[in-house]
There are 2 protein chains.
Amino acid sequence: MTKKAYHHGNLRNALIGAALEILETDGVEGLTLRGVAARAGVSHAAPAHHFPNIKSLLTALCTIGFLRFHDMVEKSCAAAPMDGPSQLRAANAGYLAFAVSQPELFRLMFSTPASDWTDENLCAASLRARAQLAAICAPAADALGLTAPDDRGRLERLVWSCAHGHAHLLIEGRLSAQSPESGSGIMDIAALIFSARPHAKP
Amino acid sequence: MTKKAYHHGNLRNALIGAALEILETDGVEGLTLRGVAARAGVSHAAPAHHFPNIKSLLTALCTIGFLRFHDMVEKSCAAAPMDGPSQLRAANAGYLAFAVSQPELFRLMFSTPASDWTDENLCAASLRARAQLAAICAPAADALGLTAPDDRGRLERLVWSCAHGHAHLLIEGRLSAQSPESGSGIMDIAALIFSARPHAKP
DNA sequence: TTCCAATCTTGTCACTGTCCAGATAAGGCA
DNA sequence: TGCCTTATCTGGACAGTGACAAGATTGGAA
């Protein structure tokens, strides 16, 4: 055990783990390929075989982020009543909770140039989260009498924009004066939506 | 004229100008202190006297961003009818137009760790934009019968979150399938707000 | 005119990502 | 069993980066 094995055996995962730790501690600007290698206990060039460049490492982190994000929203929704407004509130709460609990990862996920968006895994993970959003919005769209795909997409964008904007502004310290649970965002939106009379075309 | 002056005379502004150009061309990751110096035609260490470190340069860019942002929203609102909904729509349009026209600057403005938020000028410029938002939201708050400062703040956050989220998702390429003018964001929000009956407490 | 302070240049350092050649080990094949 | 192909990892190197230090240049005040 005192003698270090030449082959790590599970270096790729070890690197990702180390990178995730460094990410939340020091932020993206503190995340260096050499630092990750050092934390994993390998030489500075060892990551090259698993991640040809730092962008590919960030892409892997980003992918994990979307998976975690999906799970967190799902759990939040599963614990809530099944009616439309409750599901929207739960989704918003999950969105926010993820951003607050792992702000650096959240930042990374939504800073597009940082990662490689031609990567299959990343696209799949991202699309899965996108589909989740659509499913959660469906009851609200039904309640508002929106049948045209365009209108439904518009509602999704509205809900998403609101949740995302709130989460982003919050972790960037722009809403620091208020507590995260102060009930802004989709919660109020939902209340307004469901109290408003459905109107055919804006 | 063939002989280059030892003293630039207006180096600080020249550096900022060069940095703004490089920023929108190559993004923040392509913005280097040495590159900025080269574009301004000075040696690699010349910026040090005006900007002790790269963070202070980014802070200056960020400050300019908030000034431009304020002006853009103001112009958009000035060109619109003075009623509450129109002003909200105009503000949203200005918010979006700024983000789309200078996405890298927008990104920089809302990536907090990039710049120094103890800087007086930056804080002033940011607070000015924040006050502008409050002023634009005031008529909507009045129309909804919101008198308590908490409720008014909540509305502001709601409006801001929605506009910001839409702008951010758009420039990060997450809403690429739809055109920017497709009327999401505050416009729909406003329509819902002004069609909804005012309710005392959610 | 002289001198000081601001400004700019040159040189240097540690650190980074990336590339390269070579060392080491794992597993298939004889 | 022993060899050998391939994947994995090491150590060294290079250009580019931000930051620092020391010296050159200049504008303006005394």
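The values are calculated or read from the model by the stated rules, or taken from the named source; none is laboratory data. If you're wondering where the values come from, they're calculated on a predicted model, not measured in any experiment. Every residue, glycine among them, receives a Cβ derived from its backbone with ideal geometry; neighbour counts consider all protein chains shown.
Which of the residues that make up segment A:18-35 are touching a helix residue (DSSP H, G or I) at 6+ places or on another chain (Cβ under 8 Å), more than 12 Å from DNA strand D (Cβ to nearest atom) and either of a type outside the set (D, E, K, R) or at pLDDT below 95 (or both)?
A:A18, A:A19, A:L20, A:I22, A:L23, A:G27, A:V28, A:G30, A:L31, A:G35
Can you run down the residue pairs with Cβ atoms below 7 Å, 6 or more apart or on separate chains, where the first is in segment B:121-132 and over 14 Å from B:V73 (Cβ atoms) and the partner is part of a helix (DSSP H, G or I) and of a type in the set (S, T, Y)?
Filtered contacts from segment B:121-132: B:N121/B:T63; B:L122/B:T59; B:L122/B:T63.
Please list, ordered by first then second residue, the pairs with beta carbon atoms under 9 Å, 6 or more apart or interchain, first in segment A:152-176 and at the interface with chain B (Cβ under 7 Å from one of its Cβ atoms), second of a type in the set (V, I, T) and surrounded by fewer than 21 Cβ atoms within 10 Å (Cβ to Cβ).
A:E172/B:T112; A:G173/B:T112
What single numbered condition from (1) exposed (fewer than 14 other Cβ atoms within 10 Å of the Cβ); (2) at positive phi fails to hold for B:G27?
Of the numbered conditions (1) exposed (fewer than 14 other Cβ atoms within 10 Å of the Cβ); (2) at positive phi, the odd one out for B:G27 is (1).
Could you tell me whether any residue of segment B:92-103 is out of contact with any Leu (no Cβ under 8 Å at 6 or more places or on another chain) and under 21 Å from B:L15 (Cβ atoms)? Walk me through it before giving the result.
Here is the first cut: in segment B:92-103, the residues out of contact with any Leu (no Cβ under 8 Å at 6 or more places or on another chain) are B:92-95, B:97-98, B:101-103.
This time we only want the ones that are under 21 Å from B:L15 (Cβ atoms), so: B:102.
Taking every residue of segment B:92-103 in turn, at least one turns out to be out of contact with any Leu (no Cβ under 8 Å at 6 or more places or on another chain) and under 21 Å from B:L15 (Cβ atoms).
For the structure I just gave you, tell me whether B:F66 is outside any loop (DSSP other than H, G, I, E, B) and either in contact (Cβ under 8 Å) with a residue 40 or more places away in the chain or of a type in the set (F, W, Y) (or both). Steps first, please.
Details: outside any loop (DSSP other than H, G, I, E, B): yes; either in contact (Cβ under 8 Å) with a residue 40 or more places away in the chain or of a type in the set (F, W, Y) (or both): yes.
Taking the combined requirement at face value, the residue satisfies it.
Say whether the condition of being more than 15 Å from DNA strand C (Cβ to nearest atom) and either part of a loop (DSSP other than H, G, I, E, B) or not acidic (D, E) (or both) is met by at least one residue in segment B:6-21. Give the derivation first.
Looking only at segment B:6-21, we keep the residues that are more than 15 Å from DNA strand C (Cβ to nearest atom), and these are B:20-21.
Subsequent filtering for residues that are either part of a loop (DSSP other than H, G, I, E, B) or not acidic (D, E) (or both) retains B:20.
Checked against the condition, which is being more than 15 Å from DNA strand C (Cβ to nearest atom) and either part of a loop (DSSP other than H, G, I, E, B) or not acidic (D, E) (or both), segment B:6-21 yields at least one hit.
Could you list all residues from segment B:90-107 that are surrounded by 18 or more Cβ atoms within 10 Å (Cβ to Cβ) and either within 11 Å of chain A (Cβ to nearest Cβ) or in contact with a Pro (Cβ under 8 Å, 6 or more places away or on another chain) (or both)?
Within segment B:90-107, B:N92, B:Y95, B:L96, B:P103, B:E104, B:R107 qualify.
Out of A:D151, A:D116, I need the residue that is at pLDDT below 95 and surrounded by 14 or more Cβ atoms within 10 Å (Cβ to Cβ). Which one?
On the way: A:D116 fails: at pLDDT below 95.
Being at pLDDT below 95 and surrounded by 14 or more Cβ atoms within 10 Å (Cβ to Cβ) holds for just one of A:D151, A:D116, which is A:D151.
Criterion first (modelled with pLDDT of 95 or more, away from chain A (no Cβ under 11 Å) and closer than 23 Å to B:L23 by Cβ) does B:R128 satisfy it? Step through it out loud before you land on a result.
Values: modelled with pLDDT of 95 or more: yes; away from chain A (no Cβ under 11 Å): yes; closer than 23 Å to B:L23 by Cβ: yes.
Against the criterion (modelled with pLDDT of 95 or more, away from chain A (no Cβ under 11 Å) and closer than 23 Å to B:L23 by Cβ), B:R128 qualifies.
Write out, first by first residue and then by second, each pair whose Cβ atoms fall under 8 Å of each other, whose residues are 6+ apart or on separate chains, and whose first residue, in segment A:34-58, is closer than 14 Å to A:L23 by Cα and within 14 Å of chain B (Cβ to nearest Cβ) while the second is assigned to a helix (DSSP H, G or I) and near DNA strand C (Cβ under 8 Å from one of its atoms).
A:I54/A:L33
Only residues in segment A:10-25 that are touching a residue at least 24 places away in the same chain (Cβ under 8 Å) count as the first member; pair them with residues that are among the acidic types (D, E), Cβ under 8 angstrom, at least 6 apart or cross-chain, and list the lot.
Qualifying pairs under 8 Å: A:L23/A:E104; A:E24/A:E104.
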